[in-house]
Each structure stands twice: as C-alpha cells, then as structure tokens.
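> Below is a structure I'd like to ask you about.
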Amino acid sequence: MSRTTYRINNRHFEVWRGWYFHTPKPEPEIPYDVQLISLRLADALPPETLEKMNVDALMIEPADRVLFKRQRTEEILDSQHGCCALEHPQLARAVLDVLEDQHAKKYKLIAWCILPNQLHVLIEPCFPVGRIIQDWRVLTTRWALQNNEALGLGLNGKRLWLKRCQDRYIPDNKQLAEAIQVLQQSPVKAGLCDHPEDWRWSSAYTGKRTR
C-alpha cells in the first residue's frame with residue numbers, strides 16, 4: 001500500500017486487526033483517528049524571537065492573530081535557528097527507527113518528514129496519542145544525549161524537544177491528502193531541496209536510504 005494513496009477507513013478496528021495479525025476474538029472499535037503531529041527541537045524557537053512575534057501580533061486584528069502567529073512560527077522554523085541536530089544523519093536515522101519500531105504496534109505510520117529542527121508525523125493510532133508522543137520523546141532524547149558529544153550535536157541541557165507539540169485531527173480523505181502534501185513539501189518550502197522525493201528523511205523519498 002502506497003502511503004501517498006492512503007485512505008481513511010472508518011472501521012478502524014478492522015484496519016488495525018488486519019495489519020500483521022489476526023485474532024479469533026471480536027475486537028472493540030478503537031476511538032482514535034488520523035493525527036498530524038509536529039515536534040520541534042528545544043532551541044528551534046528562540047524566546048526573544050517569540051516575544052517579538054507576540055508584540056507584532058498585537059498590531060494585527062484579533063480575528064487574524066492565530067493565523068499570523070502560525071505563519072510567523074513557520075517562518076522562524078524555516079530559518080533553522082538553534083543546533084539543528086536532526087540534520088545529523090545518525091540522529092535522523094535513530095528518530096526514524098523509533099517511528100518505524102512502533103508501526104503496526106501502536107499506530108499505522110502513514111507519512112513523516114524529519115527536518116533539521118523539527119519532526120512531522122502522520123499516523124492512525126490505536127493507542128493514546130499522548131503516550132505515543134511520550135515514547136518518541138523519551139527514546140529519541142535518550143539516544144541523542146548519549147551521542148551528543150561524540151557526534152557534536154550541540155545539544156544544551158537534558159532536553160531534545162520543546163515541551164509543547166502540535167497535533168491536528170484529520171477528519172476526512174480530502175484533508176488527509178492535503179496534510180500529506182504539506183508534510184512532504186515542507187523540506188522544499190524550507191529551501192532544503194528542490195523536490196519532495198529528493199529529501200532523504202521523508203516518506204516521499206525515492207532513493208535508497210542507507211544507514
């Protein structure tokens with residue numbers, strides 16, 4: 001099944017039950033839906049830059065402030081502030097290993113993209129999303145801190161990720177297709193490559209991804 005042609009199945013428990021195993025017992029419906037989750041590195045959004053953004057937002061009409069902050073935040077992230085530790089291929093590979101390890105166990109991994117300072121993942125969970133994200137944080141942070149000095153990742157302190165993350169519910173196939181396109185275009189938008197399929201750390205990549 002191509003992840004670019006993935007379709008939401010409203011009977012999630014049947015999709016989940018049929019991935020890799022079968023059970024003779026009837027399974028209850030799983031009350032989770034497709035989620036787009038974004039994690040940012042701890043230093044990806046400098047406090048002084050966010051403070052200026054909040055001041056500038058006061059000059060915008062209240063109804064437009066949320067959109068203004070979202071767009072400005074994306075601009076800041078695309079500027080690639082901070083250590084950008086995820087541009088190191090060994091850390092990117094470790095993050096991908098964590099994502100793929102839980103595929104067909106706690107969620108179906110639909111699409112993903114690892115950028116120098118952030119991570120975007122589209123999943124259909126069968127497990128509480130908060131616990132999934134916590135597992136990602138713990139495992140990737142542990143690996144990064146253990147290899148920080150040897151690889152020169154430039155991490156300061158004990159944190160790899162910002163405490164806050166973004167998650168968005170994807171209710172239908174139209175929005176799912178849009179979410180996949182936006183996710184896969186993110187390295188192009190950030191000026192990291194010319195075409196989505198050229199970015200090595202994305203589900204859109206068409207080359208051979210060696211370790």
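The values are calculated or read from the model by the stated rules, or taken from the named source; none is laboratory data. Given the structure is predicted, the values throughout are model-derived calculations rather than measurements. When we count neighbours, we look across all protein chains shown, and the Cβ atoms used for this are built from the backbone with ideal geometry, even at glycine. Note: areas computed on protein heavy atoms with side chains; ligands, DNA, RNA excluded. Shrake-Rupley method; radii C 1.70, N 1.55, O 1.52, S 1.80 Å.
> Identify all residues within region 165-191 that are within 14 Å of the chain's Cα centre (by Cα) and without any contact (Cβ under 8 Å) to a residue 24 or more places away in the chain; write none if there are none.
Those that are within 14 Å of the chain's Cα centre (by Cα) and without any contact (Cβ under 8 Å) to a residue 24 or more places away in the chain: Gln181, Val182, Gln185.
> With (1) open to solvent by 80 Å² or more (accessible area, probe 1.4 Å); (2) modelled with pLDDT of 80 or more; (3) within 24 Å of Ala204 (Cβ to Cβ) as the list, and Met1 as the residue in question, which single condition is left unmet?
Unmet condition: (2).
> Would you check if Thr206 is over 20 Å from Leu39 (Cβ atoms), β-branched (Val, Ile, Thr), without any contact (Cβ under 8 Å) to a residue 60 or more places away in the chain and in contact with a helix residue (DSSP H, G or I) (Cβ under 6 Å, 6 or more places away or on another chain)?
Yes.
> If you don't mind, another one. Considering only strands (runs of 3 or more DSSP E) fully contained in region 93-184, which possess at least 2 residues that are touching a Phe, Trp or Tyr at 6+ places or on another chain (Cβ under 7 Å)?
Qualifying strands (runs of 3 or more DSSP E): 107-115, 118-125.
Residue-by-condition table, conditions (1) closer than 22 Å to Leu91 by Cβ; (2) open to solvent by 60 Å² or more (accessible area, probe 1.4 Å):
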position: Ala144; (1), (2): yes, no
position: Asn148; (1), (2): yes, no
position: Leu151; (1), (2): yes, no
position: Gly154; (1), (2): yes, no
position: Arg164; (1), (2): yes, yes
position: Asp167; (1), (2): no, yes
position: Ile170; (1), (2): no, no
position: Gln181; (1), (2): no, yes
position: Arg200; (1), (2): yes, yes
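Rundown of residues vs (1) of a type in the set (A, V, I, L, M); (2) part of a loop (DSSP other than H, G, I, E, B); (3) modelled with pLDDT under 80, yes/no style:
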| position | (1), (2), (3) |
| --- | --- |
| Tyr32 | no, yes, yes |
| Ile37 | yes, no, no |
| Asp43 | no, yes, no |
| Gln80 | no, yes, yes |
